[in-house]
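Asker: Provided herewith is a single structure, encoded as structure tokens, for subsequent inquiry.
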Amino acid sequence: MITGLALTTCFLLSLILTPVVRKLAFKIGATDQPNHRKVHKGAMARLGGLSIYAAFLVGLLILQPENAYMPYILTAGTIIFITGFLDDLMELSAKWKLLGQIAAAVIVIMGGVQVEFINLPFDGRLYLNWFSIPLTLLWIIGITNAINLIDGLDGLAGGVSSIVLATVSVLSIIQGDIFIVALGIALLGGTLGFLVHNFNPAKIFMGDSGALFLGFMIGVISLLGFKNVTIFSLVVPVIILAVPISDTFFAIIRRVVNKQPLSAPDKSHLHHCLLRLGYTHRQTVMIIYAMSLFFGMSAVMFTISTLWVSLVIMMLLLIAIELMAEFVGLVNTQYRPVMRLMNKLNPPKRP
């Protein structure tokens, strides 16, 4: 019952607070100006992450989750929010944003949030030893930026994050992990309240204050919530976050193939590709929502299935991701190895 109260309170607070934040953003100059890489045509208020962050704090006050990780997560989350806030206000350079992310990640790692081992099938366990810290750092920073990268259309990052948080919360309820449920519910409520104002046509953007904060918190929560899953412990959060992770992965492949710097911006992310295929803004967002929901449901099935069924689910998901990337042209329009193989194995019949 208290989780329902927290979810409703966080939702309503964010819903009411977001218009106030919008006025504040215009007043202090925290706006996003249109350019050749962006879809919107006029100046838009950003800083929407302030509503999500404030609602999250209120949710924690209601739920009062008790855990040794809490002070570190709260401190690190505040650092990442401030980093995003400053970027919304004055557009920080990439190195300063990365420095803020590293500082926040180091704090939670010092607090004990680490991937110390990976569970394997047949009761196996792979201990990471000294590799534990760099892998944890890579995961947190990677997910933080993956959520930030999909924040390219009205309601996209907020909707995908909501689906991810809902999935994490459901799985945590199944596992009886009250701490992760509390964090997930507080974030979910704040994000949904903001999404009402952010869905197309958006009245405000979440900005880096929202995208970095959500990405960071999702990275930490997914790590804590599933590192002890019996079968392939790290696979569950990867499945849940398959949309932002695959978009980021293929962006790296695309830049390597095209011999571009990894930090080079482009208009070939998943949402850009769908728009080029002729889908409208709303249709593109809803398609990516559907993809996220599909992977969320797959994660639930993976968690409750036997080993062999889980292996089959994993293989089918990998094939699905590859086919999706080839169909929309995530690397480039010529990259279609699996589709070409399928055509060779099943050539069209001659009349």
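The values are calculated or read from the model by the stated rules, or taken from the named source; none is laboratory data. Since the model is a prediction, treat every value here as computed from it, not as a measurement. For neighbour counting, all protein chains shown are included, and Cβ atoms are generated from backbone atoms with ideal geometry for every residue, glycine included. Only protein heavy atoms, including side chains, enter the accessible area calculation; ligands, DNA and RNA are left aside. Shrake-Rupley method; radii C 1.70, N 1.55, O 1.52, S 1.80 Å.
Asker: Picking from Ile304, Ile245, which residue would you name as being open to solvent by 40 Å² or more (accessible area, probe 1.4 Å), within 20 Å of the chain's Cα centre (by Cα) and in contact (Cβ under 8 Å) with a residue 12 or more places away in the chain?
Answerer: Ile245
Asker: Within region 125-156, how many residues turn out to be modelled with pLDDT of 90 or more, of a type in the set (Ser, Thr, Tyr) and over 12 Å from the mean Cα position of the chain (by Cα)?
Answerer: 1
Asker: May I pose another question? Report yes if some residue within region 277-291 is open to solvent by less than 40 Å² (accessible area, probe 1.4 Å) and farther than 30 Å from Pro201 by Cβ; otherwise report no.
Answerer: Looking for residues that are open to solvent by less than 40 Å² (accessible area, probe 1.4 Å) and farther than 30 Å from Pro201 by Cβ, one finds none in region 277-291, hence no.
Asker: Here are the criteria: (1) within 22 Å of Gly189 (Cβ to Cβ); (2) over 17 Å from the mean Cα position of the chain (by Cα); (3) touching a residue at least 40 places away in the same chain (Cβ under 8 Å). Tell me which single one Gly112 does not satisfy.
Answerer: (1)
Asker: Taking Val196 and the conditions (1) open to solvent by 10 Å² or more (accessible area, probe 1.4 Å); (2) modelled with pLDDT under 95, which numbered condition does it fall short on, given that it satisfies the others?
Answerer: The single condition Val196 does not satisfy is (2).
Asker: Here is a further query. Restricting to region 73-102, name every residue that is part of a helix (DSSP H, G or I) and among the acidic types (Asp, Glu).
Answerer: Those that are part of a helix (DSSP H, G or I) and among the acidic types (Asp, Glu): Asp87, Asp88.
Asker: Which condition breaks for Leu15 when tested against (1) at pLDDT 95 or above; (2) under 22 Å from Leu137 (Cα atoms)?
Answerer: (2)
Asker: Find the residue count for region 256-271, including only residues that are part of a helix (DSSP H, G or I) and open to solvent by less than 20 Å² (accessible area, probe 1.4 Å).
Answerer: Count: 2.
Asker: Here's a follow-up. I'm trying to understand the selection: among the residues of region 206-224, which are aliphatic (A, V, I, L, M) and open to solvent by less than 10 Å² (accessible area, probe 1.4 Å)?
Answerer: Scanning region 206-224 gives Met206, Ala211, Leu212, Leu214, Met217, Ile218, Val220, Ile221, Leu223.
Asker: Further question on the same structure: Could you please find all residues in region 285-344 being closer than 25 Å to Ala251 by Cβ and hydroxyl-bearing (Ser, Thr, Tyr)?
Answerer: Tyr289, Ser292, Ser298, Thr333, Tyr335
Asker: Scan Phe81, Phe26, Phe11, Phe85 and give me the residue that is among the aromatic types (Phe, Trp, Tyr) and more than 21 Å from the chain's Cα centre (by Cα).
Answerer: Selected residue: Phe26, the only one of Phe81, Phe26, Phe11, Phe85 that is among the aromatic types (Phe, Trp, Tyr) and more than 21 Å from the chain's Cα centre (by Cα).
Asker: Scan region 50-72 residue by residue and report those that are part of a helix (DSSP H, G or I), within 20 Å of Ile140 (Cα to Cα) and touching a helix residue (DSSP H, G or I) at 6+ places or on another chain (Cβ under 6 Å).
Answerer: Step one: of region 50-72, the residues part of a helix (DSSP H, G or I) are 50-63, 70-72.
Of the ones still in play, those that are also within 20 Å of Ile140 (Cα to Cα) are 52-53, 56, 70-72.
Within region 50-72, Ile52, Tyr53, Phe56, Tyr72 meet the criteria.
Asker: Taking the criterion of being under 25 Å from Ser292 (Cβ atoms), open to solvent by 10 Å² or more (accessible area, probe 1.4 Å) and either part of a helix (DSSP H, G or I) or of a type in the set (S, T, N, Q) (or both), would at least one residue in region 103-111 satisfy it?
Answerer: Restricting attention to region 103-111, the residues satisfying the condition of being under 25 Å from Ser292 (Cβ atoms) are 104-105, 108.
Filter once more, keeping what is open to solvent by 10 Å² or more (accessible area, probe 1.4 Å): none.
Looking for residues that are under 25 Å from Ser292 (Cβ atoms), open to solvent by 10 Å² or more (accessible area, probe 1.4 Å) and either part of a helix (DSSP H, G or I) or of a type in the set (S, T, N, Q) (or both), one finds none in region 103-111, hence no.
Asker: On to the next question. Does Arg336 qualify as being surrounded by 14 or more Cβ atoms within 10 Å (Cβ to Cβ), more than 28 Å from Asn119 (Cα to Cα) and more than 22 Å from the chain's Cα centre (by Cα)?
Answerer: Judged against the criteria, Arg336 is a match.
Asker: How about region 164-179: which of its residues are farther than 11 Å from Leu214 by Cα, aliphatic (A, V, I, L, M) and buried (at least 24 other Cβ atoms within 10 Å of the Cβ)?
Answerer: Matches in region 164-179: Val168, Leu171.
Asker: Let me ask another. Residue by residue through region 112-151, note down the ones that are more than 30 Å from Thr306 (Cα to Cα), in a loop (DSSP other than H, G, I, E, B) and either open to solvent by 30 Å² or more (accessible area, probe 1.4 Å) or among the basic types (Lys, Arg) (or both).
Answerer: Answer for region 112-151, where residues must be more than 30 Å from Thr306 (Cα to Cα), in a loop (DSSP other than H, G, I, E, B) and either open to solvent by 30 Å² or more (accessible area, probe 1.4 Å) or among the basic types (Lys, Arg) (or both): just Asp151.
Asker: Right, something else. Would you check if Lys38 is closer than 21 Å to Lys203 by Cβ, at pLDDT below 90 and either over 21 Å from the mean Cα position of the chain (by Cα) or not acidic (Asp, Glu) (or both)?
Answerer: Working: closer than 21 Å to Lys203 by Cβ: yes; at pLDDT below 90: yes; either over 21 Å from the mean Cα position of the chain (by Cα) or not acidic (Asp, Glu) (or both): yes.
When the stated conditions are applied, Lys38 passes them.
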